[in-house]
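Structure below; questions to follow.
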Amino acid sequence: MTKITVIGAGNVGATTVQRLAELQLGDLVMTDVVDGLPQGKALDLMQAAPVMGYDVDVLGTTDYADIADSDVVVMTAGIARKPGMSRDDLLAINGKITTQVCEKIAEYAPKATVITVTNPLDIMTYVALKATGFEHNRVFGMSGVLDSSRFAAFIAMEIGCSVRDVDAMVLGGHGDSMVPVPQYTTVYGIPISELMSQESVDRLVLRTINGGAEIVDYLKTGSAFYAPSASVAKMVEAVVKDSKRILPCAAYLQGEYNARDVYLGVPVKLGKGGVEEIIELQLTDEQSKALSNSVAAVRDGIAKLQL
Ligand code: APR
């Protein structure tokens, strides 16, 4: 039986475990630093199993020994930015948490594929690569699936069509420096430029860039978790089922898109081997420039951590 661990039993972590249980992808382990939290949520999920009909184990634990030999580990542990806290403070705190957790992953689950969710995403994925010492193809981050899903949702709302027909593409850093790519965004194969004005495209691109912040403004004390957990579950499914899905993920670049030794959101082929291929797209000059700005922002963050 496939074993999937989710580190962090907060909003994103616990909802991810729920989605993975419902997809019946394997036995699940959920850990957290707060004793009682993963145990309580896991028990609740086990009690939902008879109603929902999923037949997998869900174990909540604070003991890393329980993650032993996991096939896939999803990393959601961290803290959210609090009032008065700078981005650099957040970077330092989540950098430390990610390092500590990833050293445990390397110790107990040395063959795992690691998918990071903790923000700032692209930088934390680099931290995870260094702290695990794993090959870069099996350490990657959840960013583009979420950003593309947000873009697709807004497009469907604008056109008044089914979300099922929308294929959206968002590249670059997960955050202010993301790069939505309208020319690779289609509605049943029709480029969105044929279905809406440039002004509408620009408005939806901007809303996508602010997609996470718009939700934080509503929630005030937390950030998004339904769409993030759905996105990470889709990535886990692609790995576990070896389905070779083409999805945008934060992948380690070695010259692709003119970037090297950095993580950035790009389209990849996802399967058992993790990131099995990076797909290079033709971009406009403006998009290429935006992507190199993304790279610079990620590099800046990595440099601050002095890994
Ligand atoms: N080890 C394990 N768990 C930890 C650790 C640690 N060292 N430090 C913190 N945690 C746990 C917290 O106890 C908390 O339960 O991580 C969990 C984070 O959950 P939430 O605060 O609910 O945050 P969430 O909304 O799930 O977001 C998690 O994903 O999307 C990103 O920006 C988001 O970085 C954030 C992460």
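So what is the relative contact order for the range 144-305, in percent, with contacts set as C-alpha pairs under 8 Å and at least six apart?
23 percent
What order do you get for 62-75, 41-54 when each peptide is scored by the mean count of other beta carbon atoms within 10 Å, highest first?
62-75, 41-54
When only C-alpha pairs under 8 Å and at least 6 residues apart count, what is the relative contact order of the range 1-97, in percent?
33 percent
Mind checking the full-extension length gain between Lys82 and Glu276? Use 0.36 nm per residue of separation minus the Cα-Cα distance, one decimal, nm.
66.1 nm
Quote to one decimal, in nm, the extra length available between Gln24 and Ala106 on full extension: 0.36 nm per residue of separation minus the C-alpha distance between them.
This chain segment gains 27.0 nm when fully extended.
Each residue of the range 291-299 in turn: what ³J(HN,Hα) in whole Hz from Karplus with 6.51, -1.76, 1.60 and θ = phi - 60°, glycine and Pro shown as x?
5, 5, 5, 4, 4, 4, 5, 5, 4
Kirkwood hydrodynamic radius of the chain from all distinct Cα pairs, in Å?
It works out to 19.5 Å.
Related question: Measuring from label point to label point, each 7 Å out along Cα→Cβ, what is the Asp44 to Glu135 span in nm?
3.9 nm
In what sequence, largest accessible area first, do Phe225, Phe151 appear using a 1.4 Å probe?
Largest accessible area first, the list is Phe225, Phe151.
Give me the 1.4 Å probe accessible area per residue for the chain, excluding ligands and nucleic acids, in Å². List each step's numbers first, then the result.
Numbers: 14330 Å² over 307 residues.
For the chain, the solvent-accessible area averages 47 Å² per residue.
Give me a comma-separated list of calculated 3J(HN,Hα) values for the range 116-132, in order, Karplus coefficients 6.51, -1.76, 1.60 applied at θ = phi - 60°, integers in Hz, x for any Gly or Pro.
Computed from phi, the couplings for the range 116-132 are 9, 10, 4, 9, x, 4, 5, 6, 5, 5, 5, 4, 5, 4, 5, 6, 7 Hz.
Please work out whether the range 144-305 counts as rounded, prolate or oblate from its C-alpha gyration tensor, where a ≥ b ≥ c are the square roots of the eigenvalues and a/c under 1.5 means rounded, while otherwise a/b larger than b/c means prolate and anything else oblate?
Numbers: a/c = 1.27, a/b = 1.21, b/c = 1.04.
It is rounded, given that a/c, with a ≥ b ≥ c, falls under 1.5.
Pop out the carbon and sulfur fraction of the accessible area of the chain as a percent, whole number, probe 1.4 Å.
51 percent
Okay, next question. Could you work out the helix-only [θ] at 222 nm for the chain, with each DSSP H run of four or more residues adding -39,500 (n - 2.57) and the total divided by the number of residues, to the nearest 500 deg cm²/dmol?
Rounded to the nearest 500, the figure is -14500 deg cm²/dmol.
The values are calculated or read from the model by the stated rules, or taken from the named source; none is laboratory data. As the structure is a prediction and not an experimental result, all values here were calculated from the model. Here Cβ is always computed from backbone atoms with ideal geometry, including for glycine, and neighbour counts include all displayed protein chains. Ligands, DNA and RNA are stripped out before the accessible areas are found, and what is left, the full protein with its side chains, is counted by its heavy atoms. Shrake-Rupley method; radii C 1.70, N 1.55, O 1.52, S 1.80 Å.
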